[in-house]
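J.: What follows is a structure written as structure tokens; I'll ask about it next.
Please treat every number below as a calculation from the coordinates, not as lab data. If you're wondering where the values come from, they're calculated on a predicted model, not measured in any experiment. All Cβ positions, even for glycine, are placed from backbone atoms using ideal geometry, and neighbour counts span all protein chains on display.
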């Protein structure tokens, strides 16, 4: 269980580094010539999933999706909410009895975060945005 938690936290660090790296203008970009939301709307989904999966981990079952991010074009808000949601999950993990965690919920959180990494890679290639060094090391992009 601890290994999965460490992977979740590492994935969250990578997400934070990506959104810290890009410019505010990049948040409005989508993937050209495909049905696509924006890079900022990707952040809304990531933040909402973190907040919602935390509630599910606390309750032991899914209680629905909600997101506290109000503006998908405000880089400061996005970076702040990414940091806040990561801190809340770290605090939860520090005080939890691992045997009480629902491993499926934890894996769902990890899968969600990482699948967004794949989407953000596509966004970056489509829009000719570079990557932070941590992404080059992790994904060889």
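J.: Based on C-alpha coordinates, I'd like the Rg and Dmax of segment 57-141, in Å.
T.: When restricted to the Cα atoms of segment 57-141, Rg and Dmax are 15.5, 44 Å.
J.: How much length, in nm to one decimal, is gained on full extension between residue 98 and residue 128, taken as 0.36 nm per residue of separation minus their Cα-Cα distance?
T.: Here the answer is 6.6 nm.
J.: Right, something else. Sorted by mean Cβ packing within 10 Å, highest first, what order do the peptides 47-55, 6-14, 64-72 take?
T.: On the way: 47-55: 19.7, 6-14: 17.7, 64-72: 13.6.
In descending order of packing, they fall as 47-55, 6-14, 64-72.
J.: Hey, what did segment 2-139 get for relative contact order, percent, Cα under 8 Å, at least 6 apart?
T.: That works out to 36 percent.
J.: In addition: Just the number: Rg to Rh for segment 1-87, Cα atoms, Kirkwood Rh, two decimals.
T.: Rg/Rh for segment 1-87 comes to 1.00.
J.: Okay, moving on. Between 131, 18, 92, where does the largest GNM mean-square fluctuation fall for the chain, given springs only between Cα atoms within less than 10 Å?
T.: Greatest mean-square fluctuation among the candidates belongs to 92.
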